[in-house]
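A short worksheet on the structure shown next.
The values are calculated or read from the model by the stated rules, or taken from the named source; none is laboratory data. Since this is a predicted model, take the numbers as computed values, not measurements. Cβ coordinates were reconstructed from backbone atoms using ideal geometry, including for glycine residues, and neighbour counts include every protein chain displayed.
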Amino acid sequence: MKSHIASACFFHLRRLRQLRSVVTEDVMKQLVMSVVLGRLDYCNSVLFSARASCIYSSNTSAPVKNVAARLVLQLDQRTPVKPALQRLHWLPVKALIEFKIATLMYAIHHQRGPALGISHSATSCNSTLQNLDAASFVPSRLMQLLL
């Protein structure tokens, strides 16, 4: 499965490379982020509680992100990619997962998140997100299945 995702991303990067001389850097960045990086980041938040060794051993996004950064910034193969990733503000995998979870929890806490059937006590709590326990954010449908 990992190789399928990576090969699909590399296919789209090769197709986007044909547009490099036609579009600006900002447009290329938006295209790469929407077509390639969105495909890579889909459902990676399930790895939130996984050990770091599991995340990095199953990580296929690093080579794809490196090629995407070189494409957006029009760098050659020998140029170091770490400054390019920092310039584009693309997060490493672990930081990206934590950011996605924090954003989702913020949206749920402020009643802007997806309609998951969250219990009223979880969304009407006036305390900060750090003081809430994880069980209060379990969807009510899932709680019914677990009980």
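Points worth noting:
- Subset of the stretch 69-107 (residues that are closer than 24 Å to Val27 by Cβ and of a type in the set (Gly, Ala, Ser)): Ala69, Ala84
- Members of the stretch 71-87 found to be surrounded by fewer than 18 Cβ atoms within 10 Å (Cβ to Cβ) and under 19 Å from Leu16 (Cβ atoms), listed by number: Leu73, Gln74, Leu75, Asp76, Gln77, Thr79, Arg87
- Pairs are defined by a Cβ separation below 7 Å, a sequence spacing of at least 6 or placement on different chains, a first member in the stretch 1-26 that is within 15 Å of Arg70 (Cβ to Cβ), and a second member that is at pLDDT below 90 and of a type outside the set (Val, Ile, Thr); the pairs so defined are Cys9/Arg39; Cys9/Leu40.
- Odd one out for Val46 among (1) among the β-branched types (Val, Ile, Thr); (2) at pLDDT 85 or above; (3) loosely packed, with under 13 Cβ neighbours inside 10 Å: (2)
- Note on the stretch 13-43: residues that are small (Gly, Ala, Ser) and within 20 Å of the chain's Cα centre (by Cα) amount to 2.
- Under the condition of being assigned to a helix (DSSP H, G or I) and either under 19 Å from Trp90 (Cα atoms) or in contact with a Gly (Cβ under 7 Å, 6 or more places away or on another chain) (or both), the residues counted in the stretch 6-25 number 7.
- Candidates Met28, Met105: the one that is closer than 21 Å to Ala8 by Cα, modelled with pLDDT of 80 or more and either in contact with an Asp or Glu (Cβ under 8 Å, 6 or more places away or on another chain) or in a helix (DSSP H, G or I) (or both) is Met28.
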